[in-house]
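Take a look at the structure set out below.
The values are calculated or read from the model by the stated rules, or taken from the named source; none is laboratory data. Remember, it's a predicted structure, so these values are computed and weren't measured experimentally. Cβ coordinates were reconstructed from backbone atoms using ideal geometry, including for glycine residues, and neighbour counts include every protein chain displayed.
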């Protein structure tokens, strides 16, 4: 199993690392999607099972109530909570 998949997974990890380096160089590392990737990376090495499921759940909308209208034309890949409004 390791012999079959290691090189491909290694390449994917390098791609993630390069992406994070690029967004940091361009000053957009605080984007909610980049923050979600960094926090999701911890799930990969926590030693607990079902990493794929937990990673998808981490990046997905946790709410159960449908929104009245779509906020855009496409998915953004990570959940961004609505900003809290001051009262």
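Summary table below
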| quantity | calculated |
| --- | --- |
| Scope the stretch 14-29; condition touching a helix residue (DSSP H, G or I) at 6+ places or on another chain (Cβ under 9 Å) and either assigned to a helix (DSSP H, G or I) or exposed (fewer than 12 other Cβ atoms within 10 Å of the Cβ) (or both); matching residues | 16, 19, 20, 23, 24, 28 |
| Tally, over the stretch 30-50, of residues that are loosely packed, with under 14 Cβ neighbours inside 10 Å and assigned to a helix (DSSP H, G or I) | 6 |
| Residue 53 vs. criteria within 12 Å of the chain's Cα centre (by Cα), part of a helix (DSSP H, G or I) and free of Cβ contacts under 8 Å to residues at least 60 places away in the same chain | no |
| Number of positions in the stretch 30-50 that are in contact with a helix residue (DSSP H, G or I) (Cβ under 8 Å, 6 or more places away or on another chain) and in contact (Cβ under 8 Å) with a residue 40 or more places away in the chain | 2 |
| Residues within the stretch 71-86 that are modelled with pLDDT under 70 and surrounded by 10 or more Cβ atoms within 10 Å (Cβ to Cβ), tallied | 0 |
| Residue within the stretch 31-53 that is on the phi > 0 side of the Ramachandran plot and either in contact with a strand residue (DSSP E or B) (Cβ under 8 Å, 6 or more places away or on another chain) or modelled with pLDDT under 95 (or both) present | no |
| So residue 59, is it touching a helix residue (DSSP H, G or I) at 6+ places or on another chain (Cβ under 6 Å) and surrounded by 13 or more Cβ atoms within 10 Å (Cβ to Cβ) | yes |
